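In what follows, a single structure is set out as structure tokens and then discussed.
The values are calculated or read from the model by the stated rules, or taken from the named source; none is laboratory data. This is a predicted model, so every value here is computed, not measured. Cβ sites come from the backbone with ideal geometry, for glycine too, and all protein chains shown count toward neighbours.
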Amino acid sequence: MEKLTILTDAAKYDAACTSSGVDRAGGGGVGSTVACGICHSFAADGRCITLLKVLQSNACAYDCAYCVNRRSGETRRASFTPRELAELTMGFYRRNYIEGLFLSSAVVGTPDRTCELMIETLRLLREEYRFAGYIHAKAIPGADRKLLYRLGLLADRMSVNIELPSQSSLRLLAPDKSREDILRPMAFVRDGIAESRTDLVKYRGAPRFAPAGQSTQMIVGATPESDLQIIRLSDALYKRYGLKRVFFSAYMPVVAGPNLPALQTRPPLLREHRLYQADWLMRFYHFEADELLDECQPNFDPYLDPKCAWALRHPERFPLEVNRASYEELLRVPGIGPRSAQRIVAARRLAPLGFDGLKTLGVVLKRARWFLLCAGRASAGLRLEHDVILRALLSDDALTRLEGPRQLSLFDGKEGEAWQTAPTSSIATTAALRA
């Protein structure tokens, strides 16, 4: 239990699981699993999977400045033997606490030695204990390709943390790591997945290599990269390495260092949220990174979500006639998602759609009505007053935090003219008038 407490606490900074257990007041009673590292992820079919999220060891040979487990850090050290961790996993599984395992590790001695320990843990689970549940394993950068291949045959999903968005940041905060050491195993996992799928087509009993794909994680806020640099990198990772997911982890100031933000700095959680929203737009709404941000505006607006901000910057594209717009055009409208866009395309074949019909199809009219026409008409009762528009596009929390007019660069509503700077209220009114 002492090892479990240390190594699950050390694993909580890895964001490659969707959520962690909630620490309720008066914890420690029946059903409390927060101290045991119980976290949640989602399967490809949408099921929520409960995982034991733990490190094999936190005795790291590397000295990354941002990491609580770094070699020079003053933290309690612990290591599981493969047998201990396999028995612990099976014990949790038999008690119905978990459905799978998320296994990572600090670098114990060398990358090869660390990978061997993880392989032995998974081998015991798969071959001796006959565990057929979900396993996510971290590929250790610098490990031998044969070891990574063996790890991929035992795991359902693999991931290689890219950690920081640029080589200069890695050199500054993680001198023992390099971009090449991280991207090389990522490319190996990509190729292994592709080869496995090809073999499965030819041979029914071919071994499956990381059938759930691979993911990665980036730390946000520890270094000065802009949001534009981060989403360009994540877009390139999706296209070049076929990643299932890029996770963003708001930097938690848990250690002090001359090149790190102060310990009193609040984690940039809102920035992390905006990056996830942009990531969703690139993955499911067919946006490109350079459409969401540019060199003139390299960071996301803290008050407007990326899709609303994009729509306000492109008044020439709106309003859209909902009964004639293509599926791709509908996806660009704030308040319309892939499912509601599909429903619109299907429903308008039977009869023209009105705003009441859009609401029943799942469209969020609070945002969408400013950008749509139904049968050539705007939404009934649309009042072009800046307070009304602000409340439509901004969240209630953003409105309470918004103090005074803020500055944004948007078109003034006249095509072909230059960018101008104006208070938010007049910008929103201009955009609504344009629509």
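Points to keep in mind about this one:
- In the range 231-269, the residue that is modelled with the lowest pLDDT out of those that are surrounded by 13 or more Cβ atoms within 10 Å (Cβ to Cβ), more than 25 Å from CYS64 (Cα to Cα) and out of contact with any Ser or Thr (no Cβ under 9 Å at 6 or more places or on another chain) is GLY242.
- Residue that is surrounded by the most Cβ atoms within 10 Å (Cβ to Cβ), among those in the range 93-109 that are within 20 Å of LEU164 (Cα to Cα) and of a type in the set (S, T, N, Q): SER105
- Among the residues of the range 78-96, those identified as outside any helix (DSSP H, G or I) and in contact with a strand residue (DSSP E or B) (Cβ under 8 Å, 6 or more places away or on another chain) are ALA78, SER79, PHE80.
- Residues that are of a type in the set (Gly, Ala, Ser) and not in a helix (DSSP H, G or I) were ranked within the range 153-177; the one that is nearest to MET118 (Cα to Cα) is ALA155.
- Filtered by the rule that a residue be among the basic types (Lys, Arg), part of a loop (DSSP other than H, G, I, E, B) and free of Cβ contacts under 8 Å to residues at least 24 places away in the same chain, the range 330-384 gives ARG349, ARG383.
- Hey, ASP279 among the charged types (D, E, K, R), within 22 Å of the chain's Cα centre (by Cα), under 18 Å from ALA236 (Cβ atoms) and not in a helix (DSSP H, G or I) or not: no
- Set ARG150, ARG123, ARG113: member being among the basic types (Lys, Arg), out of contact with any helix residue (DSSP H, G or I) (no Cβ under 8 Å at 6 or more places or on another chain) and either part of a helix (DSSP H, G or I) or under 20 Å from SER41 (Cβ atoms) (or both): ARG113
- Exactly one residue out of SER215, SER226 is within 13 Å of the chain's Cα centre (by Cα) and either modelled with pLDDT under 95 or closer than 16 Å to LEU170 by Cα (or both): that is SER215.
- Residue match in the range 120-142 (condition: more than 23 Å from the chain's Cα centre (by Cα), closer than 15 Å to VAL189 by Cβ and crowded, with 24+ Cβ neighbours inside 10 Å): no
- Candidate set: the range 68-92, residues that are in contact (Cβ under 8 Å) with a residue 60 or more places away in the chain and either among the acidic types (Asp, Glu) or touching a Leu at 6+ places or on another chain (Cβ under 9 Å) (or both); chosen: the one surrounded by the most Cβ atoms within 10 Å (Cβ to Cβ): PHE80
- The range 181-217, subset crowded, with 20+ Cβ neighbours inside 10 Å and in contact with a Pro (Cβ under 6 Å, 6 or more places away or on another chain), residue nearest to LEU147 (Cα to Cα): PRO185
Okay, residues lined up against (1) under 30 Å from ARG171 (Cα atoms); (2) in the same structural domain as PRO211 (by TED's automatic domain parsing); (3) modelled with pLDDT of 85 or more; (4) not β-branched (Val, Ile, Thr):
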{"residue": "ALA43", "(1), (2), (3), (4)": "no, yes, no, yes"}
{"residue": "SER57", "(1), (2), (3), (4)": "yes, yes, yes, yes"}
{"residue": "ARG76", "(1), (2), (3), (4)": "yes, yes, yes, yes"}
{"residue": "ARG83", "(1), (2), (3), (4)": "no, yes, yes, yes"}
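- The requirement of being out of contact with any Asp or Glu (no Cβ under 8 Å at 6 or more places or on another chain), charged (D, E, K, R) and under 28 Å from ILE162 (Cβ atoms) is satisfied by ARG123.
- Of all residues in the range 126-140, those being out of contact with any helix residue (DSSP H, G or I) (no Cβ under 7 Å at 6 or more places or on another chain), part of a strand (DSSP E or B) and either outside the structural domain of THR89 (by TED's automatic domain parsing) or more than 19 Å from LYS177 (Cα to Cα) (or both) number 2.
- Total residues in the range 352-369, condition out of contact with any Lys or Arg (no Cβ under 8 Å at 6 or more places or on another chain) and either farther than 12 Å from VAL322 by Cα or of a type in the set (S, T, N, Q) (or both): 6
Every residue, every condition in (1) touching a helix residue (DSSP H, G or I) at 6+ places or on another chain (Cβ under 7 Å); (2) closer than 20 Å to PRO268 by Cα, yes or no:
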position	(1), (2)
GLU291	yes, no
ALA309	no, yes
LEU312	yes, no
GLU328	no, no
